[in-house]
Each structure stands twice: as structure tokens, then as C-alpha cells.
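To keep things clear, I will list the structure first and then write my remarks on it.
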Amino acid sequence: MPKNRSGLFIGGLMLGATIGTLTGLLVAPRTGRETRKLLKKSANALPELAEDISSSVQIQADRLGTNALKNWDDTLDRLREAISAGMEARERETQMMKRQAAAQEGSVISNNVDDSQDAESTVEHLEHS
């Protein structure tokens, strides 16, 4: 974050220096001619100052854009990992449920076989009596 704010700080520093210079010129005990001469020089420097501030702001905007894009890419990567982990967990859960269902089904079949064997032995026992 400090890098992002450095451009704003420099821009503010330049603007403050310009305002301070102009204020100093207007209040300084100089003759009107000298003051106008200094103001003219300062006015000529303003486009360059504005260009410097504009460049600084553009550089900061580029950095912010790059950081935002990187953060977005990181977020997408984490989201993809989370989705993949969720799909794997769902697949494991599905397999476990299938195994449990098969085990229960096998238990029911085994119970039915035992019941039918018990019924046959009862019928045989009755027939022999």
C-alpha cells in the first residue's frame, strides 16, 4: 500500500510547493515588476508541473490496475481450488454412500436367504413328524 500512496504524496507535495511559492511571491516585499516577472516564470512552469502530476497519477493508476488484476487472478485460483475440492469431496461421499447401500442390500439378501432356509427346514421338520 505505501507504493500506491507515494504518487499521491508526491503530487500533493508538488501542488503544495506551487501554492506556497505563489503565496510567498504575492506577499514578498518586491517591486511590482519583480513580482510580475517571478509570476510569469511560475506560470510558465505550471504546465510542466501539471504534466508531472498527470504522469504520477497515471503511474499510480497502472500500479493499481496491475494489483487489482493480480488480486483477481489470485481470487479466481482460490475459487477454482475450492470448487475442485468440493467436487472431490462430493465424489468421495457418493462412493461411500454406494458402498453403504451395497452393504445394506447384501445384508437384506442374506437375511432373506436365512429366512427362506428357516422356512424350508420348518416344512421338512413338519413333513417328517
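Only the coordinates and a few stated rules stand behind these numbers; no lab work does. This structure is a prediction, so every number in the text was calculated from the model and none was measured. Using ideal geometry, Cβ is built from the backbone for each residue, glycine included, and neighbour counts are taken over all protein chains shown.
Taking the dipole about the Cα centre of region 2-94, with the C-beta of Lys and Arg at +1 and of Asp and Glu at -1, give me whichever of T21, T31, G86 is farthest to the positive side.
Projecting each Cα onto the dipole axis, the largest value belongs to T31.
Calculate one ³J(HN,Hα) per residue across region 90-105 by plugging θ = phi - 60° into the Karplus curve 6.51 cos²θ - 1.76 cosθ + 1.60, and present them in order as whole Hz with x for glycine and proline.
Each residue's phi maps through the Karplus curve to give 4, 5, 4, 5, 4, 4, 5, 5, 5, 5, 5, 5, 5, 5, 5, 5 Hz.
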